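For reference, the structure is listed below as structure tokens.
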Amino acid sequence: MTEQRYLPDADDVTEFEASVTEATDEYVVLDGTYFYPEGGGQPADRGELSWDGGRAAVTKVRKNHGDVRHYVAEVEGNLPEPGDEVQGEIDAERREAHRRMHTAQHVVSRVVLDEYGAETAGNQIHADRSRIDFEPVDFSEEDVEKIERLSNEAIERDLAVTKDERPREEVEERTEEGRALLDLIPDHVDPLRVVEIEGFDYCPCGGTHVDSLGELGRVEITGRESKGEATERVEFVLNET
């Protein structure tokens with residue numbers, strides 16, 4: 001089983017050492033990793049693994065039961081053997097973009113839940129753009145302008161973002177209805193990792209996030225699209241100012 005070492009609050013780490021537990025022509029499994037595996041609407045990290053006598057690009061990362069598989073390409077030298085030490089290096093610029101985008105998604109989702117009672121039905125994070133699907137709701141152009149304005153007002157407050165593990169019972173009691181799909185998380189998962197924006201939002205989430213809203217820049221909503229009856233998709237980017 002691979003230890004996901006970026007949890008609960010080490011998602012700013014992009015260089016690390018670990019031991020190999022399995023290596024094939026397709027992927028490498030480590031005893032612990034800071035690479036984020038694809039999930040929760042957030043893409044996997046990319047980067048590189050290197051070891052004595054070789055290196056490989058990490059092109060995607062996925063969970064496989066308890067293991068995290070680092071899929072490799074452009075392998076130089078021989079593959080490492082189980083027990084060998086490797087150095088991991090994550091694409092730091094891309095990781096930081098995902099941290100900012102995922103936290104911004106929480107801000108926008110919180111605003112929409114508060115103002116319109118609509119929950120997040122799905123989301124997809126990218127380094128340069130992101131989208132969120134909300135339901136049930138039917139936004140007007142004025143609504144979209146309001147969402148953007150209120151999101152940026154929250155960001156300007158530079159609220160602290162904390163990430164830690166909390167007892168499941170506490171999380172179920174504190175998470176507002178419509179804010180997260182807790183029933184999709186297996187009952188045996190306890191404690192749960194929670195991302196909390198000071199005095200603003202509380203949400204179980206395994207993604208990578210910044211440490212304060214002031215790191216986000218400004219949300220710019222770039223598009224709105226109906227995705228069916230009472231479902232609206234909002235697309236946004238982050239600008240530096």
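The values are calculated or read from the model by the stated rules, or taken from the named source; none is laboratory data. All figures in this text were calculated on a predicted structure; none of them were measured in a lab. Backbone-built Cβ (ideal geometry, glycine too); neighbour counts: all protein chains shown.
Screening the candidates 86, 171 for the property of being crowded, with 21+ Cβ neighbours inside 10 Å, among the hydrophobic types (A, V, I, L, M, F, W, C), touching a strand residue (DSSP E or B) at 6+ places or on another chain (Cβ under 9 Å) and part of a strand (DSSP E or B) yields one hit, 86. Pairing residues of segment 133-150 that are modelled with pLDDT of 95 or more with residues that are charged (D, E, K, R) and assigned to a helix (DSSP H, G or I), at Cβ distances under 9 Å and at least 6 apart in sequence or on separate chains, gives 137/143; 143/115; 146/115; 147/115; 150/114; 150/115. Taking the criterion of being in contact (Cβ under 8 Å) with a residue 40 or more places away in the chain, closer than 20 Å to residue 211 by Cα and of a type in the set (D, E, K, R), the residues of segment 1-22 that qualify are 9, 11, 12, 15. Among the conditions (1) in contact with a helix residue (DSSP H, G or I) (Cβ under 7 Å, 6 or more places away or on another chain); (2) over 23 Å from residue 238 (Cα atoms), residue 180 misses just one, which is (1). Looking only at segment 146-194, residues that are closer than 21 Å to residue 122 by Cα and either small (Gly, Ala, Ser) or in contact with a His (Cβ under 6 Å, 6 or more places away or on another chain) (or both) come to 3 in all. Summed over segment 131-144, the residues that are buried (at least 18 other Cβ atoms within 10 Å of the Cβ) and either under 14 Å from the mean Cα position of the chain (by Cα) or small (Gly, Ala, Ser) (or both) give a count of 2. Looking at this structure, is residue 25 touching a residue at least 12 places away in the same chain (Cβ under 8 Å), surrounded by 14 or more Cβ atoms within 10 Å (Cβ to Cβ), part of a loop (DSSP other than H, G, I, E, B) and not assigned by TED's automatic domain parsing to the domain that holds residue 166? No: the conditions fail for residue 25. So in segment 28-55, with the set limited to residues that are in a strand (DSSP E or B) and small (Gly, Ala, Ser), which one is modelled with the lowest pLDDT? My answer is 39. Pairs are defined by a Cβ separation below 7 Å, a sequence spacing of at least 6 or placement on different chains, a first member in segment 192-219 that is at positive phi and surrounded by fewer than 20 Cβ atoms within 10 Å (Cβ to Cβ), and a second member that is at pLDDT below 95 and β-branched (Val, Ile, Thr); the pairs so defined are 217/241.
Looking for something surrounded by 13 or more Cβ atoms within 10 Å (Cβ to Cβ), in contact with a helix residue (DSSP H, G or I) (Cβ under 7 Å, 6 or more places away or on another chain) and part of a loop (DSSP other than H, G, I, E, B) - is there at least one such residue anywhere in segment 220-240? Looking through segment 220-240, none of the residues is surrounded by 13 or more Cβ atoms within 10 Å (Cβ to Cβ), in contact with a helix residue (DSSP H, G or I) (Cβ under 7 Å, 6 or more places away or on another chain) and part of a loop (DSSP other than H, G, I, E, B). In the set (1) in the same structural domain as residue 177 (by TED's automatic domain parsing); (2) at pLDDT 95 or above; (3) within 24 Å of the chain's Cα centre (by Cα), residue 59 fails one condition alone, (1).
Would you pick out the residues in segment 70-111 that are charged (D, E, K, R) and within 30 Å of residue 179 (Cα to Cα)? Show your work before the answer.
Here is the first cut: in segment 70-111, the residues charged (D, E, K, R) are 74, 76, 81, 84-85, 89, 91, 93-96, 99-100, 110.
93, 94, 95, 96, 99, 100, 110 - these are the residues of segment 70-111 that are charged (D, E, K, R) and within 30 Å of residue 179 (Cα to Cα).
Within segment 114-130, the set of residues being more than 23 Å from residue 48 (Cα to Cα) and surrounded by 19 or more Cβ atoms within 10 Å (Cβ to Cβ) comprises 118, 119, 120, 123, 130.
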